[in-house]
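The values are calculated or read from the model by the stated rules, or taken from the named source; none is laboratory data. Since the structure is predicted, the reported quantities are computational estimates derived from the model, not experimental observations. With ideal geometry, Cβ positions are generated from the backbone for all residues, glycine too; neighbour counts draw on all protein chains shown. Surface accessibility is based on the protein's heavy atoms, side chains included, excluding ligands, DNA and RNA. Shrake-Rupley method; radii C 1.70, N 1.55, O 1.52, S 1.80 Å.
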Amino acid sequence: MKTFSANLFGVHAAVSISRESPESSRIRQNHEFRKHNIYFTGDYSSWSEAVADATGYNSPLILEKALSSMRKVRDGEACFERDTVVFDHQEVSYSLLCWLLYCASNSSGSLRVMDFGGALGSSYFQNRIFLQQLVELRWGVVEQSNFVAAGLNEFETDTLQYFYTPEACKKALEPNFLLLSGVLQYIERPWVLLSSLLAQGLPYVLIDRTMAHRFGRDRLAVQHVPASIYDASYPVWLLNADELEKCIKAYGYEIVDSFDPYPGSMFGPDDFQAPYMSWFLRRQA
């Protein structure tokens with residue numbers, strides 16, 4: 001690249017001339033994008049194949065970053081955290097809050113949540129300020145064993161509790177709301193999990209922030225997270241939304257609402273871009 005400078009009538013200008021080819025420019029821009037953004041690669045034939053190309057969701061870096069972020073929330077140094085990123089201002093998920101309050105209003109002011117895959121309680125801390133006036137509020141997080149152990153050790157209260165299994169959460173809380181927020185796509189067998197949870201028959205379910213599409217078959221990729229969040233990668237399913245809705249109806253739920261939780265945002269590899277999807281479900285009598 002060569003740069004030429006000129007000064008004409010007091011106006012200074014610098015002109016750069018590059019011999020970089022369009023292909024080289026595209027590669028350079030793609031490299032820069034991947035350094036600072038989440039991106040997706042691959043179309044894998046099996047979970048084990050995708051795992052081999054990823055560091056995994058069990059990476060200790062993820063728990064360490066989640067703990068550091070949640071401690072700041074607990075200690076009043078941050079407002080809330082999402083996906084280990086801390087926020088110093090309130091950012092409301094109005095769709096989630098709407099359906100939490102809808103459930104409470106139809107349950108005599110009682111809200112008892114089973115938050116499957118809820119990390120250390122991200123959704124609870126994000127919404128607790130709006131739920132404190134309820135007659136009853138109990139929030140149970142079901143997570144990986146390392147997250148549950150950390151939650152029990154540092155963050156559990158009378159309201160926020162942690163469980164190793166959905167069965168233990170159901171027995172302790174008798175939940176009336178199941179929250180699956182940004183979790184189904186990261187499970188090795190998402191259809192088995194979804195079926196087992198819907199079979200429990202909780203009155204209300206929110207399947208939120210889901211990587212689902214209407215392009216046909218499920219697609220298995222690897223999601224790469226930039227080091228600015230935490231340096232990790234893990235398998236992710238891009239789920240068939242039509243099959244998901246069939247599963248919902250097969251277990252006796254009606255879809256009250258479906259919506260895009262991140263208007264304008266897309267996920268997936270370059271050849272497979274789709275918006276996120278969410279569904280709010282009500283158990284039919």
Residue span Ser196 to Val256: 0.36 nm per residue of separation minus Cα-Cα distance leaves a gain in nm of 19.5 nm
Relative contact order in percent for the range 178-285 (Cα pairs under 8 Å, 6+ apart) equals 31 percent
Summing +1 per Lys or Arg and -1 per Asp or Glu among the other residues with Cβ less than 14 Å from Val73's Cβ gives -1
For the chain, averaging the sequence separation of alpha carbon pairs under 8 Å that lie six or more residues apart and dividing by its residue count, the contact order in percent is 20 percent
Per the C-alpha gyration tensor (a ≥ b ≥ c, the square roots of its eigenvalues), the range 130-285 is rounded if a/c is under 1.5, else prolate if a/b beats b/c, else oblate; here it's oblate
With the dipole of the chain defined by +1 on each Lys or Arg Cβ and -1 on each Asp or Glu Cβ, the option from Met266, Asn153, Phe40 whose Cα lies farthest towards the positive pole is Met266
Two pseudo-spin positions, 7 Å from Cα along C-beta at Ala274 and at Asp231, lie apart in nanometres by 3.2 nm
Computed, not fitted: 222 nm per-residue ellipticity of the chain from DSSP H runs ≥ 4 (each -39500 (n - 2.57)), nearest 500, equal to -10000 deg cm²/dmol
In the range 150-281 the DSSP beta bridges are antiparallel at a rate, in percent to nearest 5, of 70 percent
For the chain, the percent of accessible surface on carbon and sulfur atoms (probe 1.4 angstrom, ligands and nucleic acids excluded) is 52 percent
SASA check, Cys103, accessible area w/ 1.4 Å probe, all protein chains in place, rounded to nearest 10 Å², comes out at 0 Å²
Which residues qualify? For Asp115, with a placed amide H closer than 5 Å and at least 5 residues away or on another chain, they are Gly140, Val141, Val142, Leu179
Taking a probe of 1.4 Å and leaving out DNA, RNA and ligands, the chain shows per residue an accessible area in Å² of 51 Å²
Computed ³J(HN,Hα) along the range 180-196: with the Karplus parameters 6.51/-1.76/1.60, θ = phi - 60°, integer Hz and x for glycine or proline, the list is 10, 10, x, 10, 3, 5, 9, 9, 4, 10, x, 6, 5, 4, 4, 4, 5
Computed over the range 174-226, the relative contact order (Cα-Cα under 8 Å, seq sep at least six) in percent reads 47 percent
Probe 1.4 Å, all chains present, heavy atoms only: Arg128 accessible area in Å², nearest 10, is 80 Å²
Rounded to the nearest 10 Å², the 1.4 Å probe accessible area of Tyr124 is 30 Å²
Here the range 273-282 yields Karplus 3J(HN,Hα) values (6.51, -1.76, 1.60; θ = phi - 60°; whole Hz; Gly and Pro given as x) of 8, 8, x, 5, 9, 9, 9, 10, 10, 10
Here, Arg217 and Asp53, labelled 7 Å along Cα→Cβ, have an inter-label distance in nm of 1.5 nm
Hits in the range 158-192: amide N under 11 Å from the 7 Å Cα→Cβ extension of Leu152, namely 162-165
Answer in debye to the nearest 20: the dipole magnitude of the range 63-217 about its Cα centre, from +1 Lys/Arg and -1 Asp/Glu charges placed on Cβ, is 480 debye
With bins of 10 Å, the percent of all Cα-Cα pairs of the chain per bin from 0 is 6, 25, 32, 20, 8, 5, 3, 1, 0
By accessible area (1.4 Å), largest first, Glu167, Glu156 order as Glu167, Glu156
The orientation-averaged projected area of the Cα convex hull of the range 113-189, in nm², is 5.2 nm²
About its Cα centre, the chain carries a charge dipole, from +1 on Lys and Arg Cβ atoms and -1 on Asp and Glu Cβ atoms, whose size in debye to the nearest 20 is 240 debye
The ratio Rg/Rh over the Cα atoms of the range 46-119, Rh being the Kirkwood inverse mean 1/r radius, stands at 1.11
